[in-house]
Amino acid sequence: MFNHFDRIREIFKQRGLLFRLVIKELKVRYKYPFLGFLWAFIVPLSAILTFFFIFSYVIKVPHPGYPFFIFLASAVFPWNYFGFSVTTSTMSLLDSGNLIKKVYFPRELIPISIVILQLVLFVFSLLLMIIFLLLFGLKLRPLILALPLVILLQTIFLCGVSLIVSALQARYRDVKYIVEITLPVWFYLTPVFYPLELIGNLSPLFLKIYMLNPLTQLITFYRIVLIDGYGRSLPVQISIPGIILTNIVICLAVFWLGLAIFKRQESRFTDMI
């Protein structure tokens with residue numbers, strides 16, 4: 001346990017290097033595309049518009065009490081933060097093999113830098129989300145002050161997941177393909193385009209199992225914070241304090257697990273990469 005705390009302190013001491021890694025990745029990613037940084041907004045917006053058309057006009061999904069566009073945006077933005085972080089960080093250690101062999105630094109900085117880069121893009125998308133809320137005439141309630149908390153929790157969770165997949169990919173080269181298969185399934189098992197009430201209507205037991213999904217917990221937390229009245233539409237078995245507490249426990253546990261798995265594999269990185 002204390003080794004984990006020491007490792008966290010070491011990572012924090014190297015925050016300057018972490019910042020440089022983020023800037024480097026940002027420049028590489030958006031230097032050559034003509035629209036550059038705008039792609040960070042165009043990609044999620046295109047997904048939101050696609051889902052909006054399909055589930056509003058082709059397959060009508062009930063969404064009482066709030067605009068469906070806002071309902072989608074409040075989940076698609078966090079999901080993209082998750083999906084892009086995981087897919088990119090999976091290969092991050094292998095892509096940085098030359099750097100790892102040349103100089104010592106906490107190797108955790110590499111996958112974590114991917115998460116921080118996606119965090120920067122995600123924060124800008126949330127500013128766009130707030131503009132959407134105002135355009136649709138929705139009120140910003142005092143509960144929105146909890147938005148930094150849910151962002152922090154998702155970032156901690158993503159750092160843990162990224163440490164796990166990047167470390168395992170360095171040893172087992174099949175992990176990349178497992179991630180590619182798992183993410184679409186995980187997407188449909190998360191209430192991105194359908195309300196949580198639909199699951200609650202199926203079975204109380206099924207709802208309990210369904211809520212074990214960390215992304216369900218996080219997206220529900222985002223919607224409680226962002227959408228006025230969403231908390232009142234939740235199944236009776238779900239409480240806002242329960243959502244907050246469960247998110248804290250899950251995110252910290254995944255991060256702790258990520259540190260443990262990464263540390264266990266780290267001594268072999270030079271030979272495996």
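The values are calculated or read from the model by the stated rules, or taken from the named source; none is laboratory data. Computed from a predicted structure; not experimentally measured. No Cβ is skipped: glycine too gets one built from the backbone with ideal geometry, and neighbour counts run over all protein chains shown.
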Practice task
Can you confirm whether region 53-76 contains a residue that is at pLDDT below 85, within 18 Å of the chain's Cα centre (by Cα) and assigned to a helix (DSSP H, G or I)?
Solution key: no
Fill in the blank from the handout: Those residues of region 16-46 which are surrounded by fewer than 14 Cβ atoms within 10 Å (Cβ to Cβ), among the basic types (Lys, Arg) and modelled with pLDDT under 80 amount to 24, 27, 31
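Please verify whether residue 180 is farther than 23 Å from residue 74 by Cβ and in contact (Cβ under 8 Å) with a residue 12 or more places away in the chain, treating the condition exactly as stated. Break it down into steps so the answer makes sense when it comes.
On the way: farther than 23 Å from residue 74 by Cβ: yes; in contact (Cβ under 8 Å) with a residue 12 or more places away in the chain: yes.
Yes: the conditions hold for residue 180.
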Handout entry: Qualifying position, being within 24 Å of residue 84 (Cβ to Cβ) and crowded, with 16+ Cβ neighbours inside 10 Å, among 182, 155
Key = 155
Problem - region 115-141: number of residues that are modelled with pLDDT under 90, of a type outside the set (A, V, I, L, M) and either surrounded by 15 or more Cβ atoms within 10 Å (Cβ to Cβ) or not in a helix (DSSP H, G or I) (or both) - result: 6
Problem - Members of region 175-233 found to be at pLDDT 85 or above, in a loop (DSSP other than H, G, I, E, B) and of a type outside the set (A, V, I, L, M), listed by number - result: 190, 191, 193, 194, 195, 213
Exercise for the section: Test each condition in (1) part of a helix (DSSP H, G or I); (2) under 14 Å from the mean Cα position of the chain (by Cα) for residue 144 and report the one that comes out false. Expected result: (2)
